[in-house]
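Written out below as structure tokens is the structure these notes cover.
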């Protein structure tokens, strides 16, 4: 697996990965209504390119060059999104992406990362030293979706 910076040509693929991840991975912990409220359709690649352009966004490519996951972190250290294709779950894709995002945050001099994590992502982040600051509910299209505000103090020079 190769982790590299996101490029404009990756926009359509990251939209597809987001949609598939929500519908095929997160569905293990969310209801049908929650899944469809969260990701009713594949996002528009041009809009998402604009959204991700100012972030530290990385993609993971498998051995044959197919992008199988991605992560986007704001310059302030907010991990906005981390998604993998179902075939990448449990194979180190998310861990590789997360490691690159954390290294980049430390190189920027950040001392903390934050996120609003799905029920599915919470155990992954806890394994990487994150703590749950609070549980909350976000409402999308009238449907309540549970998540947690999480954070991690970064150890600069560690």
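Throughout, read-outs are computed from the coordinates displayed, never taken from laboratory work. Model, not experiment: these values are computed from the prediction. Because the Cβ atoms are built from the backbone with ideal geometry, glycine has one as well, and the counts that use them run over all protein chains shown.
Most exposed first by the Cβ proxy, i.e. fewest other Cβ within 10 Å, how do 70, 38, 130 rank?
Taking fewest neighbouring Cβ atoms as first place, the list is 38, 130, 70.
What three numbers, in Å, describe the spread of the alpha carbons of the chain along their principal axes, ordered from the longest?
44, 38, 29
Using only DSSP helix segments of four residues or longer, with each worth -39500 (n - 2.57), what per-residue ellipticity at 222 nm results for the chain after dividing by its residue count and rounding to 500? Intermediate values should be presented prior to the final figure.
Values: 5 runs with 51 residues, N = 158.
Theoretical 222 nm ellipticity from helices: -9500 deg cm²/dmol.
Quick check for you: which residues of segment 126-158 have the amide N under 17 Å from the point 7 Å beyond the Cα of residue 36 toward its beta carbon?
In segment 126-158, the label zone of residue 36 (backbone N under 17 Å from the point 7 Å along Cα→Cβ) covers 140-145.
Give the percent of DSSP beta bridges with both residues in the chain that are antiparallel, rounded to the nearest 5.
Of all bridge pairs located within the chain, approximately 95 percent are antiparallel.
When a/c reaches 1.5 or more, the comparison of a/b and b/c decides; with that in mind, is segment 81-158 rounded, prolate or oblate per its Cα gyration tensor?
It is oblate, given that a/c is not under 1.5 and a/b is not larger than b/c.
Run the numbers on segment 2-110 and let me know its relative contact order in percent, using alpha-carbon pairs under 8 Å that are six or more apart.
28 percent
Length gain on complete extension for the stretch residue 7 to residue 119, per 0.36 nm per residue less the alpha carbon to alpha carbon distance?
Once the chain is fully extended between residue 7 and residue 119, it gains 37.4 nm.
In µm²/s, what is D for segment 1-86 at 37 °C and 0.692 mPa s, where D = kT/(6 pi eta Rh) by Stokes-Einstein and Rh is the Kirkwood radius from Cα pairs?
249 µm²/s
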